[in-house]
Each structure stands twice: as structure tokens, then as C-alpha cells.
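Accompanying notes for the structure given below.
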Number of protein chains: 8
Amino acid sequence: MSNIVGIVMGSDSDYPYVVETMKVLKRFHVSFEVSVISAHRDTQRAFSYASSARERNLDIIIAFAGMAAHLAGVLASNTTLPVIGVPLDRTSFGGRDALLSTLQMPPGIPVATVGVDSGANAAWLALRILSLHNPELQKQLEEEKENTKQKLLEKTQKVREMWDHES
Amino acid sequence: MSNIVGIVMGSDSDYPYVVETMKVLKRFHVSFEVSVISAHRDTQRAFSYASSARERNLDIIIAFAGMAAHLAGVLASNTTLPVIGVPLDRTSFGGRDALLSTLQMPPGIPVATVGVDSGANAAWLALRILSLHNPELQKQLEEEKENTKQKLLEKTQKVREMWDHES
Amino acid sequence: MSNIVGIVMGSDSDYPYVVETMKVLKRFHVSFEVSVISAHRDTQRAFSYASSARERNLDIIIAFAGMAAHLAGVLASNTTLPVIGVPLDRTSFGGRDALLSTLQMPPGIPVATVGVDSGANAAWLALRILSLHNPELQKQLEEEKENTKQKLLEKTQKVREMWDHES
Amino acid sequence: MSNIVGIVMGSDSDYPYVVETMKVLKRFHVSFEVSVISAHRDTQRAFSYASSARERNLDIIIAFAGMAAHLAGVLASNTTLPVIGVPLDRTSFGGRDALLSTLQMPPGIPVATVGVDSGANAAWLALRILSLHNPELQKQLEEEKENTKQKLLEKTQKVREMWDHES
Amino acid sequence: MSNIVGIVMGSDSDYPYVVETMKVLKRFHVSFEVSVISAHRDTQRAFSYASSARERNLDIIIAFAGMAAHLAGVLASNTTLPVIGVPLDRTSFGGRDALLSTLQMPPGIPVATVGVDSGANAAWLALRILSLHNPELQKQLEEEKENTKQKLLEKTQKVREMWDHES
Amino acid sequence: MSNIVGIVMGSDSDYPYVVETMKVLKRFHVSFEVSVISAHRDTQRAFSYASSARERNLDIIIAFAGMAAHLAGVLASNTTLPVIGVPLDRTSFGGRDALLSTLQMPPGIPVATVGVDSGANAAWLALRILSLHNPELQKQLEEEKENTKQKLLEKTQKVREMWDHES
Amino acid sequence: MSNIVGIVMGSDSDYPYVVETMKVLKRFHVSFEVSVISAHRDTQRAFSYASSARERNLDIIIAFAGMAAHLAGVLASNTTLPVIGVPLDRTSFGGRDALLSTLQMPPGIPVATVGVDSGANAAWLALRILSLHNPELQKQLEEEKENTKQKLLEKTQKVREMWDHES
Amino acid sequence: MSNIVGIVMGSDSDYPYVVETMKVLKRFHVSFEVSVISAHRDTQRAFSYASSARERNLDIIIAFAGMAAHLAGVLASNTTLPVIGVPLDRTSFGGRDALLSTLQMPPGIPVATVGVDSGANAAWLALRILSLHNPELQKQLEEEKENTKQKLLEKTQKVREMWDHES
């Protein structure tokens, strides 16, 4: 039985950020389903989605929203699953509106907030949570961490060569 | 038949701000009912409150909330009545979190936002809306405007006397 | 007799935002008149506009302004009609200057503020207010709300297909 | 004939800041008159005050206001005298609301803005302007500048003694 | 075998916020250990703590820090366990420094950030994560959610009585 | 004898903003001289410029600077002439750095600050100050004010025609 | 021959923050002199102080200032010694005004800025610079670093005991 | 023996800012080495780099990072050398996230922070520090200061000619 992540976006125009999440999850063979659900345009569907999430075998919900971003909060209010919120930069406030709307939840209704527009980190956080009871995934994450270190080692060489060319 | 304003606060600790609203409405003999409903702790009740508001003869809803203030937005999402939002200064962000969460709604779901902590102006805005079909209330608002001007005239004298004492 | 909305912009360069308002009002067959009136360049005309608004059969005033946006406030100061303010992002402050100048009004002079640049929501808020005594408009708003939900349902399918193509 | 400064405050509660201005002007024997005039509660009186200011022999207007501080702007809009604005810190925004409302005026309607709550600097700026055609005042300002330097010289000694005591 | 939460604070002066976390975890009989570890004063200990966390049977790490709050990030960098960050309001920036230092992590190193000073929500988020494989805890969380709703229902009555006394 | 305005910019790259000032002054036949003087790169020259300004028959100094904009402050510190500061938006802070560096001066050293990038309003403020003892200029400013009102009246017609075309 | 640090504060009211600096320097037997010099009230003295600093055998200058904090910048402009700036929180902007005025210097005139109100870190930074050619001081700094680690180890025990008492 | 500056960037995409630093250092014949080291992706390498810096004959470390910029802080935590931090503008926060993460360090672990994106000033600050025991470099810096003044003198002429052409 595979783990399932429910990805919800408040508007289909959020898609480019959501793709980052889906790509990371796919790489680690984690199943997910993606939906467009607006807390503002259809509160009842957001409510149903969240309150039935456990019985639909979701383990984690990731919510993307900009502006007065209520989506993650409304989902977290109606499930006891962990909910990850991705605030999006969609207005002249540079994402501060979405960030504060997602983050500043009252006691008892936490949203695990990641950086503005950071769809990738929503996926990486989900993978860490899922790895708690998935030794294979845990191993893959550890390997990934090592690979990243290795790749970084080559960057110093690359940068030094760039400077040699320039100077 | 009296107009009815539905006042909703996200937490009973918001009461001191709500009192300002109730005092203004009472002065103008506008009926109101006050409720504590949390969009985060009981989304369904917020949904029911909003979606049944017209049939319960509410004309206007005023919502008070701090932090990630979703209350006004969730109510506005589930009624077509005008919803007035009062963002409250309850955290280290000086009310910016509640302001942006209340104000930055997507097209189609407007919240008529008033100043941070300004329970009084929520009432004054409700009175203006109600006065559109209430000539008596309209007359009272015009009188109030004149009275305020008169009172202000006396302030200049008061301030000049304060200075005479001081200097 | 039709309802009339008075739309006022501080500068003709605000026109692109105002168009959003006019389009929504036109769709619902609500009459409106549009004017360019600057609180800074002609305070007296702003005063006359506001103080004669009721007798000219206006029901609601919508004011657009950027920078130190005094327009909505000056209009609200000189009428007892509901005034809706649309702060515009016209400077390096991302609309914060216009927002705070519009929103933070003293007790007794409320401005119903909507999101930065959100001409559409000014119209939607006006429609909600006008619907209080217009059963036909009320019905149209309810239908619109349902239609929006239906349209949103199709977006999930669209997004899933986009992902299928991509992956 | 003495120069006259018109001091206007939006509310009598602004008095403590205004006192700083009056004390400085008094020290330099510059005549002034103080008034409480609200751009929001009585736009017409603000208009009359500004448009008759030249004929009432005012040379400079200093305006104090907090929140959505329209006062300086409305006065500047209706006179061609120089208008100095003092934004006041009266809300949870730490004076940013009053600052931006006072400062960000459109081309042609300048407000000479001084620091938040800085009633003293409004007076000092007025003195500099008045000194352009008042050689005696100019001389006094130059002397004041020298005196301030002298006083500062003693502060180093004072601070060194404080440290000697402490250590 | 019980789940274990590792609570880490950057300074013992953060204790009052950490207590909120410990109280919630204790109520739900979740084991935890608390440590004072500074990413700035002893990076190696932070490194050891994080990199040995899995083998010490920790499931989740909660990190509290103010100012340039690197603690959660450094821990997240050296483990693949989920790390929850609690930014603290300890300077004149109202917690914005700690929030941005905790939240804005690069891709691959997520920190699940909760609201400023919100030790309670760090615990609630940990409980949600742990409940994924703990049916008993899941049941308790669902009951808690229901209890909270019930308690809220009584608040409306309380607030109405407060108003009756006042008016 | 003509009035003289000293225009100082911190860097020649500020020229595009300064042009706005010069154009307005030229229109009203006010003499000015323009200089590039950096408070940071040549404090002594800034000092000399300011302390000799009166004897060089300057009446007003206008200073343009971005970043940590010390120029207006250093000039104001070394003259008793009125100094007008124009904060420029030259960094990722949208002009907030220049604004606060220009505005928040200590008591006794006022800078008459105008809006960010608002070279035009620096000129208009200078004209108002100069008009105090220049009846001809005063008359021109009053005429300009009237002309602006007239022009604005035509804008309403223009905007209505734009809408007629569009709809 | 001892190293000498020149400590400069813009106002004697900054003394409480400066004491932190002096205490740290004294602990490490580094000579310093403290002065009150205002870039705004006596630019020439600031100029003289900075331009003669090398010949007076100063190695480092530490400057404290609040508001539009030009002091560090003016000193850095007139010496080639390293200048450390300490922005102070003295207004309603929470130190942002002083921070940006100190930090955002143009290329060529760097100010080594430390945290708001952080007089202690100004001293610690000076010690690091001085240690480059002072092996004894270098050794002391290394020891201090070890001592701090040791002390921190005891804090975990302390916090655990606090919790045992409480629960 | 030449002085050596260690330049560290958190990501190779920071290279364009780092180039500014390297160009300035090269002009003054100061040796440097450049590396890509991420505090988040390889804490141990950051630790090793910092703790071995003195024995590798580094005198100063310059660290570039954006987002939650921990790099300068982690390096400063593990060496007693002076560390200069350059916060980068890489997100929708305009560099505020990197600035606060770099600047607001706890007592004892200072980071000498320069302006956002100001790689040049990091180099200039390093040169000032190195000049303390390098009379030749000191002389070059003094000459540079004079040259800059001379070049600035020509800018006034240039700007006046631009205006003559335009008008």
C-alpha cells in the first residue's frame, strides 16, 4: 500500500508552483492526487475534502494559495492529518499576505508552513514525514543528502574556472 | 421590522473590540445579535451561519478576528450579504497579519475591511448601508455629522486654553 | 428606478483598474456614472460630489486612488452613503501607501476598503449592498456563486491533464 | 509685522506633540495660532482655513495628524503656502500609516514632511523658511547652531565620567 | 515503544515558550526530551544532535530560536527527520528576523514553520505527524477537535451575558 | 535679483529624477544651479557647499540621494537655510532606506522630505517657499492651481468616452 | 603599544548601549576612548575625528546612532580605518531607520554593521579584527569560545530541572 | 607573505555578486580563494572551513548568501576571524530575509554585515581591515579616496552639460 499525498491548489493558475512539488514526489515514487479547491469559492468542498481525507487514505495534505490564503488553514481545521502550507507571491505584497494568512494559525490548528513559492520544500517535508515509517524512503533521503554534498563539491571548481576565464 | 446585524467574533477574547460596535449600533436602535464562531475551530458552524444568514433576516455580518484572520473571508464565501471585516492586533505583527488575511480576498468574494481594531467604524459602515432604505436612520446620521462638527469647534478653544495655562 | 453607483478615480491613469469595476456592474445591469475627481487638485469638487450624492440618487460611491490616497476618505467625510475604497499600487511601496491612507480612518468616517488594485471586488461589494433591497439581484448573485463552484470543479480535471502531458 | 505660523491638529489628543512646536516657536518670538481642524470631520472648515490662509497673513501652515493623515494634504491642496506635515504614531503601524498618507502626495501638491512625532522639527523647519527674509531670525538660528555644538562638547566629558564611576 | 520528540531551544531564556509545547505533549502522553543547543555557540553539538537523531529514536525535532534563528535550519540540514521551527519574538523586529531565518530555507532542506512564539502549535503539529501511525493518538486528536467545538458553543452565551450586564 | 535654488545630487546617475525638478523651476523662471556632491565621497565639499550657501545667495537647497541617503541631512546640518530632501528608490528596499535616512532627523536639523522619487514636488515646495516674498510667483502658483482644476474637468469626459468605446 | 578603539556615540542618551561595548573591551584589556560626536550637530568635528584617527593611533572606530543614523557613514567617509556601526532602536520604526541608514552605504565606503542595539557584538567584532595581529588576544578569544560551549552544556540540565519542578 | 581573504558563497548562482568582490581585491593585489560551501547542504564542510581558517592563513572570511542566510553566521560561529556577511536579494522579500538572517546574531558571534547585494563593499571593508598592518595598502586606500573625490568633481560639469543639451 502506497502513501498518498493530497495536493490542493486554490486556483489553477497556481499550477507552475505545484509542478515542483509533483516532480519531487514522483522522483521518490510517492503517490499523490492533485485537486483545485478554493476555500473561498467552495468552502463545503474544502470541508469535505479535509474531513474525509483520512478515510480516503491520505497521509498528508499540501495546500497552495496566494493572497488572503485561507486554504491551508481551512483544511487543517477539518482534519487531524498534517497539513503543509505553501504561501504564494501573487500580489504587490511579495507573498507577505499569503505567508501571514497561512502561518499565524491559532493554537490547536497548526499549518506546517514552508517558504514563499517553495513547492519543492513542501514535497521534501512530506517525504521526511512519510519516511518515519518507510525505511526505504528514509534510505533514499539519506542518499540524496549525500549526493547533494558531492555535487556541491564540484561547484567550487566550476566557480574558480569562471573567475579564471574572466580575469 | 428592524434591521439586524450579525456580529461574529473568532474568540471571546475579542470582546473588548466588539463592545465598541455594539455601543454604536445600540445608540441608533439597530438590532443585532452577537456570536462566537471560529472559522478554524468549527468551519461547519461558520458555514451554516453564513449560508442561513439571509433567511434569518440578517442584513449585514460584521466579523472580528486576529492572527490568520479567515473568519470574515469564510463568512463572505458562504453568503451574498455584505460582510464587514475588523482585523485585530493580537500578535507581534501589529495587526498586519489579520489585515492582509481579511483584505486580500480573490475576485467575487469581497470583504469590506475597516481599520485595525476599529470596531466603531464597522458599526458606522453598517449604519451607512442600512440607511440606504431607512430615511429615519439617514436623518440621524446626517445630524450626527453636524453634531460632530459643532463639538470640534469647541476643541480649538480648549487647546488654546491649555497652551495659555502652560506658557 | 435603477440603483446608481458613483465611481470616482483620482486620476485618469487609474482607468485600467476602474474598467474591472464597470465590467462587473454592467454584467448585472447596475447603472453607474464614472468621474475623475481629485481630492488633492480640487477638494471643493470632491466635497460637492459627496455632499450632493444622495440627492443625485447615488446609493454607493466607489473611489480609486494611489499614493497618499485621500479620495475615499474625503468622500466618506462628506456623505453618509457607504463609500468603498480601492487602494492602487502606483509607487515603490507596492500599494501600502494607498492602503493605509484609505483604510485607517478615524471613528465615524468608515471606508469599506477592498484589496489593493481590486476593482472587481469593489463592484462585487457594491452588488451585495444593493442586493439587500433588490431580490432579483440577490437571486443573480446566488446563481453566480453556484456557477463559480461548477466551473471550479472542471479545473481539477484540467490540471490533472496538464500533469499527465508533462510527466 | 510679525510672521505668523498656523498650527493645525486633527484632534485635540494630538496636543502633546503640538506643544513641542509651540515651545520652539515661542523661544524665537514667532507668532502662531493653533486650531483643531479635522479634514475628515469638517472638510469645509479645512478648505476655508487653507484657502483664506494668505489673506489672514499666515506664512506657513504646520499640520499634525495620525492614522490616515489627510490633514496636511488637504491643506496643501487648497493653499499655495508651504505646508509642513507631522505624521503621528497613533496606531499599531508605528506611524507608517500617517507617514505615507502625509508624504506620498501627487506632483504639484507638496507636503514638507518631517519625522514621525517630530513636532520640534516642524518648528525648526518653519524658522528656517521664515529666516529667508528675517535677518534677525537668521542670526538667532546661526547662534543656536553654535550653542548646540558647544553643549555637545561637554557631553563627552559627562559620558567619560559616567564610565569612570561605573568601572 | 513510545514516540519521542526532541525539543531544542537556542537559549535557556526561551524556556517560557517551550513550556507550552511540553504541556501539550504531556497531555497526550508523548515522550520528549528537552535540550539547550545553540547553532551559533556550538555548531558541532547541533550537528551531532541532528545526525544521531534517528538512531536515538527521535521521530520529530522541534527547534525554538529568536534573532537570526539558524537552529531549526542547521538541525534540518543534518537529519532527514521532520524538523518543526518556532520563530521567537526577541528583538525590535517583532519576530520577523526569526521567522524569515527559519522559514526561507533552500530546496531540499525544509523546516515546518509555525507561527511566531507558537510553541503550542509546534506540539499540535508533532501530534498530527505522530498520529499517522498511532490510531490511539489519532482518536484522541479527533476527540479533542470535537471538545473544542463544544466549548466554543458556550462562549456565545458567555459573551451575550457580558453584554447584558454592560448595557 | 532672482531667487536661487541649489540642487545637489549624490550621484550623476540620479540625473533623471533631478530633471523633473529643473523643468518645473525653469517653467517659473526660478534660477538654480545643479551640482554633484556626495556626502560620502567628499564630506568636506558638502560641508563647504552648505556653510557657504547663504553668502552665495542660495535661498533653498534641494538634495537627491538613494540608499543610506545622508546628503540632505549633512547639508541641513551645516546651513540654516531650508533643505528639501528627495529620497530615491535605488535598491531592493523600494526607497525605504533613502526615505528613513532622509526623514528621521534629530530635533533642530529638519529636512523637508517629499515623496520617494518625487523631484517634481521638491520644485513645487521650493516655489511655495519662494512665493512668500514674491507676489508675482504667488500669482502664478494660484493660476496654476486653477488651470489644473480646469484640465481635470476634461478628464471625466475623456474617461467616459474610453468606456463608451470599450463597451 | 596597545590597540585603541575609538567609540563614538551620536548622543549621550545612547550611553546604556555603549556600556555593553566598553565592558567587553575592558574584559580583554583593549584600550578605548569614548566620545559624543554628532554628525548632524557638528559635522566638522566628526570629519576631524575621522580624518585624524589614524595619526591618533586608532585602529577601529565604533559608531552608535539612532534615527537617520549618519554617524557611522560620515566617519567611514573620512577615514580608511574599519568602522563598525551599531544601529539603535530609538523611534517607532524599531531600529529599521537606523539600520538602513547605517548599512546601505555606497560602494567604497563600507560600514561593518552589527545587529540593532548590539553594542556587545560591536566589541566582539573589534576584538576579532584586533586579534589578527595579536596572538594573545587570539588565544583569549579561542578560550572564550570554549568556555561558552561549556556553560551552555549546563543549561540543558537547568532547563530539565525547571520542567521537573513545574510538572 | 600576502594576506588571504576566504570568499565563500552558498550557491554558485551567487557568482555575479561575488565577482564584484574579487575584482576589487584583485585591483589591490590582495590574495583570495573562492569556494562554494552551503551551511545547509554540508554543515560539516562549513564547520571545517571555518575552524581551520586561521591555520590555513586566512585573515578574513567573506560570506555570500540569500534566503535564510545562515552561512556567515555558521562560519562566524566556528572561527574567531572577522567574518563579513553579504546578504543577497534572491526572493520576494527584497533581501530582508537574508539581511536579518545575517545581521541579527547573538552576543559573541558578530557578523560584519554590509548592504544587500553589496559585494564591492565586502571587499572594501576587507581592505580596510587588512590595511591596519599593511602600510602600502593603507597608502593605496588613501589615494583611492582622493581619486574618487577628483572624479566626482567632473560629474558636476557633466550633469550641467546634459541639462544644457536638454533645455
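Quick rundown of the values:
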read-out	value
Qualifying residue in segment H:70-82 (condition: among the polar types (S, T, N, Q) and within 20 Å of A:THR156 (Cα to Cα))	no
Residues of segment A:6-21 that turn out to be surrounded by fewer than 21 Cβ atoms within 10 Å (Cβ to Cβ) and hydrophobic (A, V, I, L, M, F, W, C), as a count	1
Top-ranked residue of segment D:92-133 - restricted to ones that are among the β-branched types (Val, Ile, Thr) and farther than 22 Å from D:VAL24 by Cα, ranked as surrounded by the most Cβ atoms within 10 Å (Cβ to Cβ)	D:THR102
Segment G:92-118, residues that are within 15 Å of H:ALA112 (Cβ to Cβ) and more than 8 Å from chain H (Cβ to nearest Cβ)	G:THR102
Enumeration of residues in segment D:134-156 that are under 22 Å from D:HIS29 (Cα atoms) and without any contact (Cβ under 8 Å) to a residue 12 or more places away in the chain	D:PRO135, D:GLU136, D:GLN138, D:LYS139, D:GLU142, D:GLU143, D:GLU144, D:LYS145, D:GLU146, D:ASN147, D:THR148
Test: residue in segment C:13-27 that is in contact with a helix residue (DSSP H, G or I) (Cβ under 9 Å, 6 or more places away or on another chain) and in a loop (DSSP other than H, G, I, E, B)	no
Options B:GLU161, B:GLU166; residue that is loosely packed, with under 15 Cβ neighbours inside 10 Å and either in contact with a helix residue (DSSP H, G or I) (Cβ under 8 Å, 6 or more places away or on another chain) or facing chain C (nearest Cβ under 7 Å) (or both)	B:GLU166
Out of C:LEU75, C:LEU58, C:LEU71, sole residue that is of a type outside the set (Phe, Trp, Tyr) and either free of Cβ contacts under 8 Å to residues at least 60 places away in the same chain or within 11 Å of chain F (Cβ to nearest Cβ) (or both)	C:LEU58
Condition broken by B:ARG56, with the remaining ones in (1) in a loop (DSSP other than H, G, I, E, B); (2) farther than 24 Å from C:SER131 by Cβ; (3) in contact with a strand residue (DSSP E or B) (Cβ under 9 Å, 6 or more places away or on another chain); (4) charged (D, E, K, R) satisfied	(2)
Odd one out for A:LEU88 among (1) facing another protein chain (nearest Cβ under 7 Å); (2) surrounded by 22 or more Cβ atoms within 10 Å (Cβ to Cβ); (3) at negative phi	(1)
Residues that are among the small types (Gly, Ala, Ser), in contact with a helix residue (DSSP H, G or I) (Cβ under 7 Å, 6 or more places away or on another chain) and over 19 Å from F:ARG41 (Cα atoms), drawn from segment F:64-113	F:GLY108, F:ALA112
Any chance C:ILE61 is buried (at least 18 other Cβ atoms within 10 Å of the Cβ), within 14 Å of the chain's Cα centre (by Cα) and not in a helix (DSSP H, G or I)	yes
Sole residue being out of contact with any His (no Cβ under 8 Å at 6 or more places or on another chain) and touching a residue at least 24 places away in the same chain (Cβ under 8 Å), chosen from E:SER35, E:SER52	E:SER35
Tally, over segment A:38-47, of residues that are assigned to a helix (DSSP H, G or I) and either in contact (Cβ under 8 Å) with a residue 24 or more places away in the chain or outside the structural domain of A:VAL83 (by TED's automatic domain parsing) (or both)	3
Qualifying residue in segment E:109-127 (condition: in contact with a Lys or Arg (Cβ under 8 Å, 6 or more places away or on another chain) and of a type in the set (S, T, N, Q))	no
Flag if H:SER51 is away from chain A (no Cβ under 14 Å) and under 21 Å from E:GLN44 (Cβ atoms)	yes
Conditions (1) under 17 Å from the mean Cα position of the chain (by Cα); (2) within 19 Å of C:ASP97 (Cα to Cα): number failed by F:LEU141	(2)
Positions within segment C:11-42 being of a type in the set (Phe, Trp, Tyr) and in contact with a Pro (Cβ under 7 Å, 6 or more places away or on another chain), in sequence order	none
Residues within segment F:10-32 that are closer than 29 Å to G:ALA50 by Cβ, facing chain H (nearest Cβ under 8 Å) and in contact (Cβ under 8 Å) with a residue 60 or more places away in the chain, tallied	1
Scope segment H:119-134; condition at the interface with another protein chain (Cβ under 7 Å from one of its Cβ atoms) and over 16 Å from the mean Cα position of the chain (by Cα); matching residues	H:LEU132, H:HIS133
Selection within segment H:24-46 - surrounded by fewer than 20 Cβ atoms within 10 Å (Cβ to Cβ) and of a type in the set (Phe, Trp, Tyr)	H:PHE28
Failed item in (1) in contact with a Phe, Trp or Tyr (Cβ under 7 Å, 6 or more places away or on another chain); (2) closer than 20 Å to D:ARG54 by Cβ; (3) in the same structural domain as F:THR91 (by TED's automatic domain parsing), with F:TRP124 passing the rest	(1)
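The values are calculated or read from the model by the stated rules, or taken from the named source; none is laboratory data. Since the structure is predicted, the reported quantities are computational estimates derived from the model, not experimental observations. Positions of Cβ are generated from backbone atoms using ideal geometry, with glycine treated the same way; all protein chains shown enter the neighbour counts.
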